[in-house]
Amino acid sequence: MSDVEVVASAETPRAVLFDFGGVLTASVFASFERFSREACAGDPHAVVNALSHDEAAQAALVDHECGRVEDEVFEEALAGALAAQGHTVEAAGLIARMQQDLHPDHAMTALVRRLKEEGVAVALVSNSLGRDCYTGHGLDELFEVQAISGREGVRKPSRRLYEVACERLGVRPAEAIMIDDLAMNIRAAQTLGMGGIVHSDAARTIPALAGLLGLDPGTLGAEPVTTGT
(Lines give C-alpha, C1' and ligand atoms only; values in the text may rest on other atoms or scores of the structure.)
Protein backbone atom coordinates (compact mmCIF):
# COMPACT_ATOMS: atom_id res chain seq x y z
CA MET A 1 0.00 0.00 0.00
CA SER A 2 3.07 2.26 -0.10
CA ASP A 3 2.86 3.12 -3.78
CA VAL A 4 0.35 5.96 -3.37
CA GLU A 5 1.68 9.33 -4.58
CA VAL A 6 1.70 11.78 -1.67
CA VAL A 7 2.88 15.40 -1.41
CA ALA A 8 3.01 17.35 1.85
CA SER A 9 1.54 20.85 2.03
CA ALA A 10 3.89 23.80 2.48
CA GLU A 11 2.30 24.71 5.84
CA THR A 12 0.49 22.82 8.58
CA PRO A 13 -2.67 21.53 6.89
CA ARG A 14 -6.06 22.80 8.05
CA ALA A 15 -8.25 21.72 5.14
CA VAL A 16 -8.76 18.86 2.71
CA LEU A 17 -10.20 19.35 -0.78
CA PHE A 18 -11.86 16.42 -2.54
CA ASP A 19 -12.44 15.65 -6.18
CA PHE A 20 -15.78 13.96 -6.94
CA GLY A 21 -15.73 11.38 -9.74
CA GLY A 22 -13.20 8.64 -9.03
CA VAL A 23 -12.60 9.83 -5.45
CA LEU A 24 -16.01 10.00 -3.77
CA THR A 25 -17.31 7.50 -6.32
CA ALA A 26 -16.14 4.43 -8.14
CA SER A 27 -13.66 4.93 -10.97
CA VAL A 28 -14.74 7.26 -13.78
CA PHE A 29 -12.53 5.44 -16.24
CA ALA A 30 -13.95 2.04 -15.29
CA SER A 31 -17.43 3.39 -15.94
CA PHE A 32 -16.35 4.81 -19.30
CA GLU A 33 -14.78 1.47 -20.21
CA ARG A 34 -17.90 -0.49 -19.30
CA PHE A 35 -20.03 1.81 -21.45
CA SER A 36 -17.52 1.64 -24.31
CA ARG A 37 -17.57 -2.15 -24.34
CA GLU A 38 -21.35 -2.23 -24.45
CA ALA A 39 -21.91 0.58 -26.96
CA CYS A 40 -18.81 0.41 -29.14
CA ALA A 41 -18.46 -3.17 -30.33
CA GLY A 42 -16.45 -4.31 -27.32
CA ASP A 43 -13.82 -1.56 -27.52
CA PRO A 44 -13.18 -0.46 -23.91
CA HIS A 45 -11.16 2.58 -24.98
CA ALA A 46 -13.57 4.19 -27.45
CA VAL A 47 -14.79 7.01 -25.19
CA VAL A 48 -11.38 7.87 -23.75
CA ASN A 49 -9.84 7.83 -27.23
CA ALA A 50 -12.56 10.15 -28.51
CA LEU A 51 -12.03 12.58 -25.65
CA SER A 52 -8.25 12.41 -26.00
CA HIS A 53 -7.85 12.67 -29.78
CA ASP A 54 -10.92 14.25 -31.36
CA GLU A 55 -10.53 18.04 -31.37
CA ALA A 56 -14.25 18.79 -31.51
CA ALA A 57 -15.00 16.46 -28.60
CA GLN A 58 -12.09 17.88 -26.60
CA ALA A 59 -13.28 21.45 -27.14
CA ALA A 60 -16.86 20.53 -26.25
CA LEU A 61 -15.67 18.86 -23.04
CA VAL A 62 -13.74 21.95 -21.96
CA ASP A 63 -16.66 24.22 -22.79
CA HIS A 64 -19.09 21.96 -20.98
CA GLU A 65 -16.97 21.59 -17.85
CA CYS A 66 -16.63 25.37 -17.72
CA GLY A 67 -20.39 25.82 -18.01
CA ARG A 68 -20.33 27.41 -21.45
CA VAL A 69 -22.40 24.73 -23.21
CA GLU A 70 -25.18 22.43 -22.03
CA ASP A 71 -25.14 18.64 -21.82
CA GLU A 72 -26.68 18.22 -25.24
CA VAL A 73 -23.92 20.10 -27.07
CA PHE A 74 -21.22 17.95 -25.50
CA GLU A 75 -23.19 14.76 -26.10
CA GLU A 76 -23.57 15.57 -29.80
CA ALA A 77 -19.85 16.27 -30.12
CA LEU A 78 -18.89 13.04 -28.38
CA ALA A 79 -21.36 11.00 -30.41
CA GLY A 80 -19.81 12.52 -33.54
CA ALA A 81 -16.33 11.56 -32.39
CA LEU A 82 -17.46 8.00 -31.72
CA ALA A 83 -19.12 7.88 -35.14
CA ALA A 84 -15.75 8.84 -36.66
CA GLN A 85 -14.38 5.67 -35.03
CA GLY A 86 -17.18 3.66 -36.65
CA HIS A 87 -19.48 3.48 -33.62
CA THR A 88 -23.10 4.62 -33.87
CA VAL A 89 -24.14 5.89 -30.43
CA GLU A 90 -27.27 7.85 -29.58
CA ALA A 91 -26.33 11.30 -28.33
CA ALA A 92 -29.35 11.88 -26.09
CA GLY A 93 -28.57 10.78 -22.54
CA LEU A 94 -24.99 9.86 -23.40
CA ILE A 95 -23.50 11.48 -20.28
CA ALA A 96 -25.79 9.54 -17.94
CA ARG A 97 -25.05 6.23 -19.70
CA MET A 98 -21.29 6.85 -19.54
CA GLN A 99 -21.47 7.56 -15.80
CA GLN A 100 -23.90 4.83 -14.86
CA ASP A 101 -21.36 3.06 -12.65
CA LEU A 102 -20.34 6.07 -10.55
CA HIS A 103 -21.70 4.64 -7.32
CA PRO A 104 -20.68 6.30 -4.04
CA ASP A 105 -17.53 5.13 -2.30
CA HIS A 106 -18.86 4.95 1.23
CA ALA A 107 -15.40 4.68 2.79
CA MET A 108 -14.48 8.03 1.25
CA THR A 109 -17.69 9.81 2.21
CA ALA A 110 -17.21 8.48 5.74
CA LEU A 111 -13.70 9.96 5.63
CA VAL A 112 -15.15 13.41 4.91
CA ARG A 113 -17.42 13.13 7.94
CA ARG A 114 -14.57 12.02 10.20
CA LEU A 115 -12.43 14.92 9.08
CA LYS A 116 -15.21 17.34 10.03
CA GLU A 117 -15.44 15.67 13.45
CA GLU A 118 -11.71 16.25 13.87
CA GLY A 119 -12.11 19.95 13.06
CA VAL A 120 -10.55 19.75 9.59
CA ALA A 121 -12.24 21.94 6.97
CA VAL A 122 -13.48 20.12 3.87
CA ALA A 123 -14.42 21.27 0.37
CA LEU A 124 -15.48 19.74 -2.92
CA VAL A 125 -13.40 20.78 -5.96
CA SER A 126 -14.75 19.11 -9.07
CA ASN A 127 -14.94 19.38 -12.84
CA SER A 128 -18.63 18.85 -13.54
CA LEU A 129 -19.89 16.53 -16.28
CA GLY A 130 -23.64 16.62 -16.77
CA ARG A 131 -26.30 18.67 -15.03
CA ASP A 132 -27.32 15.71 -12.88
CA CYS A 133 -23.91 14.27 -12.01
CA TYR A 134 -24.10 15.27 -8.32
CA THR A 135 -27.77 14.44 -7.78
CA GLY A 136 -28.42 12.08 -4.89
CA HIS A 137 -24.93 12.25 -3.36
CA GLY A 138 -25.81 14.60 -0.47
CA LEU A 139 -22.91 16.94 -1.18
CA ASP A 140 -24.56 20.02 0.37
CA GLU A 141 -24.66 18.20 3.69
CA LEU A 142 -21.25 16.63 3.30
CA PHE A 143 -19.16 19.70 2.43
CA GLU A 144 -18.76 23.13 3.93
CA VAL A 145 -18.06 24.70 0.54
CA GLN A 146 -18.02 23.62 -3.09
CA ALA A 147 -16.04 24.83 -6.10
CA ILE A 148 -17.67 23.29 -9.18
CA SER A 149 -16.19 24.03 -12.58
CA GLY A 150 -19.52 24.51 -14.35
CA ARG A 151 -20.57 27.10 -11.78
CA GLU A 152 -17.24 28.91 -11.51
CA GLY A 153 -16.41 29.01 -15.24
CA VAL A 154 -12.97 27.48 -14.75
CA ARG A 155 -11.81 23.86 -14.58
CA LYS A 156 -8.97 21.90 -13.07
CA PRO A 157 -6.06 21.88 -13.56
CA SER A 158 -6.47 25.68 -13.50
CA ARG A 159 -5.21 26.87 -10.13
CA ARG A 160 -8.14 29.26 -9.80
CA LEU A 161 -10.61 26.51 -8.90
CA TYR A 162 -8.44 25.46 -5.94
CA GLU A 163 -8.10 29.08 -4.87
CA VAL A 164 -11.87 29.57 -4.91
CA ALA A 165 -12.35 26.65 -2.52
CA CYS A 166 -9.60 27.84 -0.19
CA GLU A 167 -10.96 31.38 -0.13
CA ARG A 168 -14.40 30.11 0.82
CA LEU A 169 -12.94 27.96 3.58
CA GLY A 170 -10.80 30.82 4.87
CA VAL A 171 -7.49 28.97 4.49
CA ARG A 172 -4.38 29.58 2.43
CA PRO A 173 -3.71 27.08 -0.36
CA ALA A 174 -0.49 26.12 1.42
CA GLU A 175 -2.64 24.96 4.35
CA ALA A 176 -4.70 22.57 2.20
CA ILE A 177 -4.42 19.07 0.80
CA MET A 178 -6.06 18.03 -2.49
CA ILE A 179 -7.24 14.47 -3.13
CA ASP A 180 -7.73 13.69 -6.82
CA ASP A 181 -7.52 10.62 -9.04
CA LEU A 182 -5.57 12.51 -11.72
CA ALA A 183 -1.89 13.21 -11.09
CA MET A 184 -1.96 16.35 -13.27
CA ASN A 185 -4.50 17.92 -10.91
CA ILE A 186 -2.27 17.23 -7.93
CA ARG A 187 0.71 18.73 -9.76
CA ALA A 188 -1.34 21.87 -10.38
CA ALA A 189 -2.23 22.05 -6.70
CA GLN A 190 1.45 21.74 -5.79
CA THR A 191 2.23 24.98 -7.62
CA LEU A 192 0.12 26.77 -4.97
CA GLY A 193 1.94 25.05 -2.12
CA MET A 194 -0.89 22.61 -1.56
CA GLY A 195 -0.31 19.06 -0.51
CA GLY A 196 -1.87 16.25 -2.47
CA ILE A 197 -2.70 12.59 -2.76
CA VAL A 198 -3.21 10.82 -6.08
CA HIS A 199 -6.18 8.65 -5.17
CA SER A 200 -6.62 5.07 -6.27
CA ASP A 201 -8.63 3.60 -3.41
CA ALA A 202 -9.65 4.36 0.16
CA ALA A 203 -7.31 1.75 1.63
CA ARG A 204 -4.32 3.73 0.36
CA THR A 205 -5.66 7.27 0.61
CA ILE A 206 -6.91 7.23 4.21
CA PRO A 207 -3.64 6.26 5.93
CA ALA A 208 -1.70 8.56 3.60
CA LEU A 209 -3.95 11.47 4.54
CA ALA A 210 -3.71 10.63 8.23
CA GLY A 211 0.06 10.87 7.93
CA LEU A 212 -0.13 14.31 6.32
CA LEU A 213 -2.52 15.53 9.01
CA GLY A 214 -0.61 13.97 11.91
CA LEU A 215 -3.58 11.82 12.91
CA ASP A 216 -3.86 8.17 13.85
CA PRO A 217 -5.07 6.31 10.72
CA GLY A 218 -7.74 4.55 12.77
CA THR A 219 -9.24 7.92 13.64
CA LEU A 220 -10.03 8.41 9.95
CA GLY A 221 -11.34 4.90 9.44
CA ALA A 222 -8.28 3.14 8.07
CA GLU A 223 -8.40 -0.63 8.33
CA PRO A 224 -5.86 -2.03 10.81
CA VAL A 225 -2.78 -3.54 9.25
CA THR A 226 -2.47 -7.26 9.89
CA THR A 227 0.57 -9.43 9.38
CA GLY A 228 0.70 -13.13 8.75
CA THR A 229 2.31 -15.56 11.13
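The values are calculated or read from the model by the stated rules, or taken from the named source; none is laboratory data. Quick caveat: nothing in here was measured; it's all calculated off a predicted structure. Don't worry about glycine lacking a Cβ; one is built from the backbone with ideal geometry, like all the others, and counts go over all protein chains shown. Accessible surface is based on the protein model in full, side chains and every heavy atom, while ligands, DNA and RNA are left aside. Shrake-Rupley method; radii C 1.70, N 1.55, O 1.52, S 1.80 Å.
Quick one: in segment 27-63, of everything that is crowded, with 16+ Cβ neighbours inside 10 Å and among the small types (Gly, Ala, Ser), which residue is nearest to GLY138 (Cα to Cα)? Among those residues, the one meeting the criterion is SER27. Regarding ASP101, is this residue at negative phi, part of a loop (DSSP other than H, G, I, E, B) and charged (D, E, K, R)? Yes: the conditions hold for ASP101.
Among the residues making up segment 164-182, those that are surrounded by fewer than 16 Cβ atoms within 10 Å (Cβ to Cβ) and either out of contact with any Asp or Glu (no Cβ under 9 Å at 6 or more places or on another chain) or within 22 Å of ALA26 (Cα to Cα) (or both) are GLU167, GLY170. Within segment 118-136, being within 22 Å of ARG204 (Cβ to Cβ) and open to solvent by 40 Å² or more (accessible area, probe 1.4 Å) holds for one residue alone: GLU118.
All of (1) open to solvent by 20 Å² or more (accessible area, probe 1.4 Å); (2) more than 16 Å from the chain's Cα centre (by Cα); (3) under 22 Å from ALA26 (Cα atoms) hold for PRO104 with one exception: (2).
Residues in segment 81-101 that are over 20 Å from PHE29 (Cβ atoms) and either of a type in the set (Asp, Glu) or surrounded by 18 or more Cβ atoms within 10 Å (Cβ to Cβ) (or both): 2 in all.
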